[in-house]
Amino acid sequence: MTIALQPPPVNTPLAGKDGQVDGLWSRFFVASQQTVTLDVAPADGPYLTTTANASLTNESNLGLLASGYVKVGVAAGVASPSTTATIPASDLTGALPALDASALTNLNATALASGTVPDGRFPATLPGASGVNLTALNASNLASGTVPDGRFPATLPAASGVNLTALNASNLGSGTVPQARLPFVLDAGTYTPTLTNSVNVAASTAHVCQYLRVGSVVTVSGQVDIDPTAAGDTQLGISLPIASNLASATQCAGTAVAPGIAGQSAAVLGDATNDRAILEWIAVDTTNQPFFFTATYVVI
């Protein structure tokens, strides 16, 4: 604390006419004899300290603060410090400076108004929530679950179905099932057989015939015209629509009828020597007659 000294009354005589010290000089001498103490402040002033000071009566010891913050308020021209555990919202205005917020707690994600939450902030398993507003989803990231029917287009795009399982053939609406997808060979068609006038046949004519194959069994039917040379045993060789290495006559069997001759019928059997069918009967009529036949044989 500093005490101002009175300036000396240099324009005033030290003593008056009565020989006494003038009053102005007397007061100057008294003031100059006072004790002056420097660098001392009043003990009751508001102070901010880092350690406790017993001589101060109005100190704010910042060393005792474990958390919170300090602010200085000014009222009636007097500054006074105060401390609180948290910063009042009224003291925060405008934009905060760029600071490390790693120690902030109790943050509310509802208050996010802009920016993008990084992937690392999401849990490994997201909570059950509506994803109705999500966009740009990538189906390649699906790792489990079942895509509902409603998510597929009415017509699926051309794609490999090699890994599809539990397919129901009853749902096939078009197209052709390839032979390789069937558990057995399935084939059908027409052909004109090659005829061989083997025994007692003067002439013969082949017509277009039809056949059906299921697995290793073939059924064939059709018409051939035969002109026997004479009455008696008659044999006509008929080629097969699908080749077979016949080993016996029983591996091909069927019948034939000539409707133009009463009771005229014939047997169809296998020709193991020539790998073909034989139409054989006892001719009682030597006119050219159509025979209608059907036979079944094994593909060997």
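The values are calculated or read from the model by the stated rules, or taken from the named source; none is laboratory data. Given the structure is predicted, the values throughout are model-derived calculations rather than measurements. Backbone-built Cβ (ideal geometry, glycine too); neighbour counts: all protein chains shown.
Quick look at the values:
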{"item": "Selection status of residue 266, exposed (fewer than 15 other Cβ atoms within 10 Å of the Cβ) and either on the phi > 0 side of the Ramachandran plot or more than 60 Å from the chain's Cα centre (by Cα) (or both)", "result": "no"}
{"item": "Every residue from segment 200-228 that is aliphatic (A, V, I, L, M) and in a strand (DSSP E or B)", "result": "201, 202, 203, 206, 212, 214, 217, 218, 220, 224, 226"}
{"item": "Cβ-Cβ under 9 Å pairs, at least 6 apart or on other chains, segment 171-185 side under 21 Å from residue 215 (Cβ atoms), far side among the basic types (Lys, Arg)", "result": "185/213"}
{"item": "Out of 231, 249, 243, sole residue that is under 17 Å from residue 288 (Cβ atoms) and among the small types (Gly, Ala, Ser)", "result": "231"}
{"item": "Restricting segment 269-300 to residues that are of a type in the set (Ser, Thr, Tyr) and either buried (at least 21 other Cβ atoms within 10 Å of the Cβ) or touching a Pro at 6+ places or on another chain (Cβ under 7 Å) (or both), the residue that is nearest to residue 203 (Cα to Cα)", "result": "286"}
{"item": "Test: residue in segment 189-199 that is among the aliphatic types (A, V, I, L, M) and either assigned by TED's automatic domain parsing to the domain that holds residue 289 or at pLDDT 95 or above (or both)", "result": "yes"}
{"item": "In segment 191-217, the residues that are loosely packed, with under 12 Cβ neighbours inside 10 Å and either without any contact (Cβ under 8 Å) to a residue 40 or more places away in the chain or aliphatic (A, V, I, L, M) (or both)", "result": "208"}
{"item": "So residue 175, is it farther than 28 Å from residue 245 by Cα and either touching a Gly at 6+ places or on another chain (Cβ under 8 Å) or assigned to a loop (DSSP other than H, G, I, E, B) (or both)", "result": "yes"}
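Matching residues to (1) at pLDDT 70 or above; (2) surrounded by 11 or more Cβ atoms within 10 Å (Cβ to Cβ); (3) in contact with a Pro (Cβ under 9 Å, 6 or more places away or on another chain):
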position	(1), (2), (3)
30	no, no, no
49	yes, yes, no
58	yes, yes, yes
67	no, no, no
72	no, yes, yes
77	no, no, no
80	no, yes, yes
88	yes, no, no
103	yes, no, no
